[in-house]
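Here is the structure we will look at.
The values are calculated or read from the model by the stated rules, or taken from the named source; none is laboratory data. Note that the structure is a prediction, hence the values are computed from the model and not measured. Don't worry about glycine lacking a Cβ; one is built from the backbone with ideal geometry, like all the others, and counts go over all protein chains shown.
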Amino acid sequence: MSKMSYEKPTITKIDFAMASKYGSPMKAQRVRTHIDGVSIHELTHTYGSPLFVFSQRKIESLYTTLHTAFASRYPNVTFGWSYKTNYLNAICRIFHSLGSIAEVVSEFEYQKARSLGIEGRDIIFNGPYKPYDALKIAVQEGAKIHVDNLFEINDLEKIADELGVHIPIAIRINMDTGIYPQWSRFGFNYENGEAYEAVGRIYTGGKLSLVGIHTHIGTFMLDPNAYKIATTKIMRLKEEVERDFGAIIDYIDLGGGFASKANLKGMYQSADVIVPTADEYAHAITDTIHLMNKSEHLPKLYLETGRALIDEAGYLITSVHGYKRFPDGKKGYILDAGVNILYTSSWFNFTVELDRAYHGLNEPSVLNGPLCMNIDVIEESIMLPPLDRGSCLILSPVGAYNYTQAMQFIRYKPSVVLIDNVGQAHLIKAMDDLATVTHKEF
């Protein structure tokens, strides 16, 4: 019979304020042994740790729920998959197969969408910085260009002259929807008349015409009423420009910003309680369009949905490399994943699950990453049982923005796996290596 390893005893203060209706956190353990039927240990044995894992079943479930909420209320709605949220090829292909067009904010993302077979007419080109050559290609390929500033209007008029064409465009507007800080950096302001003046500038030039109006009021929006306000103001501007300039507004675009079931730091209620449902978002937007529309035809509705469709479908498996006892008594675990690949850890408290049930009482612990940086903290205070070296933790939801914003800093970016609808795991992005990182160095 092998002897148990000795660990120096410590005295830990029990904070009874942390107890809930479910009992003391000293006894609770969240355990996840599988993702869509594939065992955590099989995944790490085959593909290594850390490891991003995406569930196709969950992606399709999230898409169906949100799309049905809008399509059941509105006759002409299309989702534009937000590439910046997660631009892995396999992920983008799933959304395109479900009916989403592409929404991009750079020439890089535009090129990525084209490489995946998306035609220019099925690309929404957003963003405050669109290089001239990228704009010209977008015009030639019939993309939906959403103008952010007056300089882009000037550039597009020059392109119209060069190509001898008349260019249909949309404009992005910003507004006060009661949510602060207001996203006033992007597009033309509604309240001070800047948006209306921009439309006048477009028609004064005689080379462009307005066919769409777009706004994106923020991210992780928890108040559906903000969308009601935004839709009301878009529809008012639509009526004004159709009346005053003879424009025909073919579509409106309400951007994205719908929240996922993630827990923001500082939130005292669960995301299950405070995050609006798909129906609440859809109700706020579509009912307002029906109420405010003054023309014979309803405009086409575009939604640039990202986070709400992918966040909860993403997991990160990370392993314990070691641990130590800090001066304040907390146990500090060293993980093989840190803020280099979990960019959103600054804003969200991830759900932390264990690969199996562990013996022993929970105690206050800290989850640190592998970086030689003091800021590399995934969780500052969490109740965990004694974990062994090699124990796996599963963090979620991490599907939105973490991989696209992951840094190639100190450690290589990890592999990514997609589990398909029949429970088969597929490697969709191999772990970076020295060749990946240095292949364009001289």
Residues of region 139-173 being in contact with an Asp or Glu (Cβ under 9 Å, 6 or more places away or on another chain) and either crowded, with 18+ Cβ neighbours inside 10 Å or of a type outside the set (D, E) (or both), in sequence order, are G142, A143, K144, I145, H146, I167, P168, I169, A170, I171, R172, I173
Residue match in region 75-85 (condition: out of contact with any Gly (no Cβ under 9 Å at 6 or more places or on another chain), in the same structural domain as I169 (by TED's automatic domain parsing), surrounded by fewer than 17 Cβ atoms within 10 Å (Cβ to Cβ) and of a type outside the set (D, E)) = no
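Select, from V104, V147, the only residue that is in contact (Cβ under 8 Å) with a residue 12 or more places away in the chain, more than 30 Å from T277 (Cβ to Cβ), out of contact with any Ser or Thr (no Cβ under 8 Å at 6 or more places or on another chain) and β-branched (V, I, T).
Exactly one of V104, V147 is in contact (Cβ under 8 Å) with a residue 12 or more places away in the chain, more than 30 Å from T277 (Cβ to Cβ), out of contact with any Ser or Thr (no Cβ under 8 Å at 6 or more places or on another chain) and β-branched (V, I, T), namely V147.
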Those strands (runs of 3 or more DSSP E) lying entirely in region 137-238 with at least 1 residues in the same structural domain as H290 (by TED's automatic domain parsing) and charged (D, E, K, R) | 144-147, 167-174
Matching residues, region 354-367, being buried (at least 19 other Cβ atoms within 10 Å of the Cβ) and not in a loop (DSSP other than H, G, I, E, B) = L354, P364, S365, V366, L367
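Those residues that are free of Cβ contacts under 8 Å to residues at least 60 places away in the same chain and of a type in the set (D, E, K, R), I need them from region 234-249; list them, please. If you could, list the steps in order and put the result at the bottom.
We begin by selecting, within region 234-249, every residue free of Cβ contacts under 8 Å to residues at least 60 places away in the same chain; these are 235-236, 239-249.
Listed by number, the residues that qualify are R236, E239, E240, E242, R243, D244.
Among the residues of region 304-321, is there at least one that is part of a helix (DSSP H, G or I) and either more than 30 Å from P224 (Cα to Cα) or free of Cβ contacts under 8 Å to residues at least 12 places away in the same chain (or both)?
Our first condition is that a residue be part of a helix (DSSP H, G or I); within region 304-321, this holds for 307-313.
Applying the additional criterion that residues be either more than 30 Å from P224 (Cα to Cα) or free of Cβ contacts under 8 Å to residues at least 12 places away in the same chain (or both) yields none.
No: zero hits.
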